[in-house]
Each structure stands twice: as structure tokens, then as C-alpha cells.
Amino acid sequence: MSRFLLEHLPAFWVVTLITAGLNAIIAMGVYFSNAAGALSACHAALAGMGAYVAAVLTTNFDLPFPVALLAGAVFGFATGMLLALVTGYISSNLRDAVAFAVLLAVLFFRPQGLFGSYEV
């Protein structure tokens, strides 16, 4: 299917269809979470983290897009599961303090970012 798209459609439409598909996947996830009564801003953060991992893997490490997309999805899923497990055992005030401490530790020990910079 992707070979057909690449051979018969202009690049603009290929990118548009891929973007629309990814946004539809995220929208369905938000819809199902909202239907279950468990919607929070964390869902968008987890999707953003997965997208960031996929972008870094494709640009800095030259992984193929489908592999990087799968790795980003797995990372987002694993982070969400870890957050769900931690939420059950730690109070919300302490959870916010731990998240802030992790952010400060990353900024202190890795000011260039978690993955460094990409040299062109």
C-alpha cells in the first residue's frame, strides 16, 4: 500500500494522508478514554512523548519511519503504564514533586537534552 502511495501520489498528499492517519489514531484514543470517563491532559502528554521519541529516532538515528513510530508507541504505552502504577501508590502532591525533581535533574545533568544535538 505504501509503495502505491509513493508511486502514484505527489509527496504533499502522502504526507497529508500520513498526518491525517496519525491524528485519527490519537483522536480515537482520546475518544475512547473520554467515553470511559478517564480523560486527562496526560493523554496528550503521552502522545507527545511518543511522537518525540519517534522523531528523534528518525532524525538522529536514521531508523525507518514505521520502526520509529512503533518504538514511539511502545515508549508512550510503557510510560503510561508506569504512570498508572505509580499513581496508585503515591499521593498527587508527592507525584508532582517527583516529576519536578526529575525535570530538574535532567536539566542539571543533561543541559543539551536527553539525546544531544544533531549535527548536519
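Read the figures in this text as sums done on the coordinates, not as results from a lab. Just so we're clear, the structure is a prediction, and the values are computed from it rather than from any experiment. Counting neighbours? That spans all protein chains shown, and the Cβs are built from the backbone with ideal geometry, glycine included.
Here are a few things to note about the model shown:
- Entry note, the chain: the mean residue ellipticity at 222 nm calculated from DSSP H runs of n ≥ 4, each adding -39500 (n - 2.57), is -26500 deg cm²/dmol after division by the residues and rounding to the nearest 500.
- Mean separation of Cα contacts under 8 Å, 6 or more apart, over the residue count of the chain: relative contact order %: 17
- Calculated FRET efficiency for the pair residue 15/residue 96, C-beta based, R₀ 41 Å, to 0.05: 0.60
- Subtracting the Cα-Cα distance of residue 87 and residue 36 from their residue separation scaled by 0.36 nm leaves 16.6 nm.
- Between the beta carbons of residue 63 and residue 104, assuming R0 = 22 Å, the FRET efficiency works out to 0.15 to the nearest 0.05.
- Mean projection of the Cα convex hull over all viewing directions, computed for the chain: 9.9 nm².
- Screening the chain for DSSP H helices whose Cα atoms reach 27 Å or more along their own axis and whose mean Kyte hydropathy is at least 0.0 gives 11-35, 65-89.
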